[in-house]
Amino acid sequence: MIIVKPKSSAHWYTRDGISAHTITGANGAERSTTLRDARKLNLLPSVTSVLGVLAKPGLEAWKQEQAILAALTLPRNHGESDDTFAGRVVTDMQSQVEKAAGFGTAIHAAIEQVNTAGNTDSVLPEVKPWLDCYNQWREGSILRVLRSEETVIQAGYAGRFDLLADHAEHGICLIDFKTQNVKKDKPNFYEAWGYQLAAYRHALGMNCHCLSLVIDSNKPAAPVEKLWSDDELDNGLEIFKAALEIWQRQRGYIPV
């Protein structure tokens, strides 16, 4: 019995930096891009797809927590089999994962609108309080936005970074936004975030600082910064390169 069916989360880019996460299938319907498609189109994997070969204990622990909570809180139906109940637990857990991802997508879109257009005209009302907190941080920390939501390309991979800006304290920074279920007002900063930024910086070709910015998904609050050291980024780039080689060997695919 397979309770949890794996879903494809691979992201792809063309050589021109255009996202190709989905394509139109033979039946005319849009579907997720597969490795087979990527081979035909010579697509580049995203940074996050490459890093998917590495274990993420923090994320997996959170998913396990959601599964346990679902099992504890869902009422058991009369005469329900173990398999059916387990399936409902997984469905409930996945809904929480999708809800968290949906919030992250919404706040990223709102921040992009502010950084690129300077207005909040079409921002969803449900994320407005979080955006207000971001704007307060932005006004106090960002002197000028240099580039926002741009795709960078390097040999073997591509990715889309959130923000390149002149930071009031740290100078030119490559900034990545992360939404997190922060507990006790202490966010967790994961090493893989540094690997991701290191890969973006390498593709960008700039010797800038790199900063992760955590936005608490629980409640509107001031974002929390994490500035990665040069040693962390140098080590992170080497780890990313090793992950890229593993990714390529596992799939037998090296974009040319």
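The values are calculated or read from the model by the stated rules, or taken from the named source; none is laboratory data. Keep in mind the model is a prediction, meaning the values are calculated, not measured. All Cβ positions, glycine included, derive from the backbone under ideal geometry; neighbour counts span all protein chains shown.
Only one of D176, D231 is in contact with an Asp or Glu (Cβ under 6 Å, 6 or more places away or on another chain) and either in a strand (DSSP E or B) or in the same structural domain as I111 (by TED's automatic domain parsing) (or both); which? It would help to see each step written out before you state the result.
Numbers: D231 fails: in contact with an Asp or Glu (Cβ under 6 Å, 6 or more places away or on another chain).
Residue meeting the stated conditions: D176.
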For the stretch 70-91, give me each residue that is surrounded by 13 or more Cβ atoms within 10 Å (Cβ to Cβ) and touching a residue at least 24 places away in the same chain (Cβ under 8 Å). A70, A86, G87, V90
Residues of the stretch 102-142 being modelled with pLDDT of 90 or more, more than 13 Å from L163 (Cβ to Cβ) and not hydrophobic (A, V, I, L, M, F, W, C), in sequence order, are K128, P129, D132, N135, Q136, E139, G140
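Determine whether N218 is within 24 Å of A106 (Cβ to Cβ) and either modelled with pLDDT under 95 or in a helix (DSSP H, G or I) (or both). Give the steps one after another, and end with the answer.
Numbers: within 24 Å of A106 (Cβ to Cβ): yes; either modelled with pLDDT under 95 or in a helix (DSSP H, G or I) (or both): yes.
In short, yes.
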Counted residues in the stretch 106-125 being surrounded by 12 or more Cβ atoms within 10 Å (Cβ to Cβ) and not aliphatic (A, V, I, L, M) come to 6
Only one of (1) outside any helix (DSSP H, G or I); (2) closer than 29 Å to E126 by Cα is not met by L197, so which one is it? (1)
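Could you check how many residues of the stretch 226-256 are under 30 Å from P129 (Cα atoms) and either out of contact with any helix residue (DSSP H, G or I) (no Cβ under 8 Å at 6 or more places or on another chain) or surrounded by fewer than 17 Cβ atoms within 10 Å (Cβ to Cβ) (or both)?
1
Per-residue answers, yes or no, for (1) over 15 Å from S49 (Cβ atoms); (2) within 14 Å of the chain's Cα centre (by Cα):
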residue	(1), (2)
S148	yes, no
Q180	yes, yes
W193	yes, yes
N207	yes, no
S212	yes, yes
N218	yes, no
V224	yes, no
I239	yes, no
Q248	no, no
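What are the residues in the stretch 111-144 that are over 27 Å from P45 (Cα atoms) and either among the hydroxyl-bearing types (S, T, Y) or in a strand (DSSP E or B) (or both), if any?
Of everything in the stretch 111-144, those that are over 27 Å from P45 (Cα atoms) and either among the hydroxyl-bearing types (S, T, Y) or in a strand (DSSP E or B) (or both) turn out to be T120, S122, Y134, S141, I142, L143, R144.
Quick one: in the stretch 49-83, which of the residues that are of a type in the set (S, T, N, Q) and at pLDDT 80 or above is nearest to A242 (Cα to Cα)? Walk me through it before giving the result.
Residues of the stretch 49-83 of a type in the set (S, T, N, Q): 49, 64, 66, 73, 77, 81.
Okay, now just the ones that are also at pLDDT 80 or above, so 49, 77, 81.
Values: S49: 14, N77: 48, S81: 45 Å.
Per the criteria, the residue is S49.
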